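Only one structure is covered here, and it is reproduced in the block below.
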Amino acid sequence: SGEAQFSQLTTPSNPLEVFQTGRRVSFLSKTSCKYLRCLPDGNLDSLGVLDAYSNFFVTCVSPNRFTLRNCGYNTQYISFAAGLLACRGTGGPDCEFSASITTDSYVILEAVANPGHHIGTLNTGAVTNPAQTLKEHLAAHFKPMQTNTADTAFKEVSSTLQKDVNKAVTSGNQLQALQNGHIVLLESKLSKKCIQLRSDGVADALGLAEASSEYTVYVTQSPTEQFYSFSKKQHPSVHLAIEQGVLVAGNAPLDPSAQFRAHLVAPNFLALECVGQTGAFIGALGDGSIADPTKTTPADDAAHLLVRHQVLYL
């Protein structure tokens, strides 16, 4: 599958501003914490990462009336056909939407030809029944992320996209790197290498600065704090998790075992504490082995991680 070059990803102060002809937009689901995407069979789900198949080209028909054409399958539009949501439309009236905004700056997408029918997805990523999805349902709430590309054509490259890993960004405030959709490396202070999940599901801190060690960040919000999940970029269904006191490959991104609190510790480092097991931290020793999360504290160098935000180049 192809991946897109994102020169900049922004969330506008007024989310409705993204719905202008020529804009390219990705929709982050409030329930799944991943992106609405078009699948090869023309169906939709919200388990996407930031690539061409989760990016849509906006064309306005009239004020607050627009179509969404997929950038990966660039002849296919999101549409309602016979009351069903898919990405097989050809740009006709069944492909037209209007948008409204929630009090917390999410958008709701409603079918123009079928008032009261809304795009919605569950926390599993599955599409909901549009006729039964109401504006007040969290399933219908999406955060629009505007993608600015370097030219008028949405650029796609192969999955072997070359990256200048030496240009990975290390922010002075590590929390700045932990934003929805960011691709990051988690570098151990002691091993000087990256936290990785091997193909056998075992974790270590011997990863190189390459795709096998990269994670996509997803952010969820509680009433008082933010939680972070880390999806393996090469295998988006696999997440870092602490289960029964062991750092493992989890497969339930919204489970507390796969969500983490971020604590700023030493300069330029942070520590990640498991939401599902208070006091359990991701940690790595100098030989690259994973420290016992239940015996690792923010004061330990083993818990100190340097977050590198990957910048992609063609």
Quiz item: under 20 Å from Val217 (Cα atoms), in contact (Cβ under 8 Å) with a residue 12 or more places away in the chain, open to solvent by 50 Å² or more (accessible area, probe 1.4 Å) and not polar (S, T, N, Q): does that describe His304?
Solution: no
Exercise. Please list, ordered by first then second residue, the pairs with beta carbon atoms under 8 Å, 6 or more apart or interchain, first in the stretch 127-143 and on the phi > 0 side of the Ramachandran plot and of a type in the set (S, T, N, Q), second open to solvent by 50 Å² or more (accessible area, probe 1.4 Å) and part of a loop (DSSP other than H, G, I, E, B).
Key: none
Quiz item: What number of residues in the stretch 60-80 are under 18 Å from Arg37 (Cα atoms), part of a strand (DSSP E or B) and open to solvent by less than 50 Å² (accessible area, probe 1.4 Å)?
Solution: 8
Quiz prompt | Residue check for Thr170: over 23 Å from Thr297 (Cβ atoms), of a type in the set (Val, Ile, Thr) and either at pLDDT 90 or above or in contact with a helix residue (DSSP H, G or I) (Cβ under 9 Å, 6 or more places away or on another chain) (or both) | solution = yes
Self-check item: Count of residues meeting criterion [free of Cβ contacts under 8 Å to residues at least 60 places away in the same chain, over 30 Å from Asp104 (Cβ atoms) and open to solvent by less than 10 Å² (accessible area, probe 1.4 Å)] in the stretch 195-218
Solution: 3
Practice problem: From Ser26, Ser100, Ser46, grab the single residue that is surrounded by fewer than 21 Cβ atoms within 10 Å (Cβ to Cβ), modelled with pLDDT of 90 or more and in a strand (DSSP E or B). | Solution: Ser100
Quiz item: Under the condition of being of a type in the set (A, V, I, L, M) and without any contact (Cβ under 8 Å) to a residue 60 or more places away in the chain, which residue from the stretch 260-271 is most open to solvent (accessible area, probe 1.4 Å)?
Solution: Val265
Quiz item: buried (at least 19 other Cβ atoms within 10 Å of the Cβ), touching a helix residue (DSSP H, G or I) at 6+ places or on another chain (Cβ under 7 Å) and more than 17 Å from Asn123 (Cα to Cα) - does that describe any residue in the stretch 248-257?
Solution: no
Quiz prompt | Residue pairs meeting the criteria (Cβ under 7 Å; at least 6 apart or on separate chains; first closer than 20 Å to Ala266 by Cα, in the stretch 277-299; second open to solvent by 30 Å² or more (accessible area, probe 1.4 Å) and acidic (Asp, Glu)) | solution = Gly283/Asp300
Quiz item: For the stretch 219-242, what are the residues that are in a strand (DSSP E or B), without any contact (Cβ under 8 Å) to a residue 60 or more places away in the chain and buried (at least 17 other Cβ atoms within 10 Å of the Cβ)?
Solution: Phe227, Tyr228, Phe230, Lys232, His239, Leu240, Ala241, Ile242
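The values are calculated or read from the model by the stated rules, or taken from the named source; none is laboratory data. Here the structure is a predicted model, which is why all the values come from computation and not from measurement. All Cβ positions, even for glycine, are placed from backbone atoms using ideal geometry, and neighbour counts span all protein chains on display. Just the protein is used for accessible areas: all its heavy atoms, side chains included, with ligands, DNA and RNA removed. Shrake-Rupley method; radii C 1.70, N 1.55, O 1.52, S 1.80 Å.
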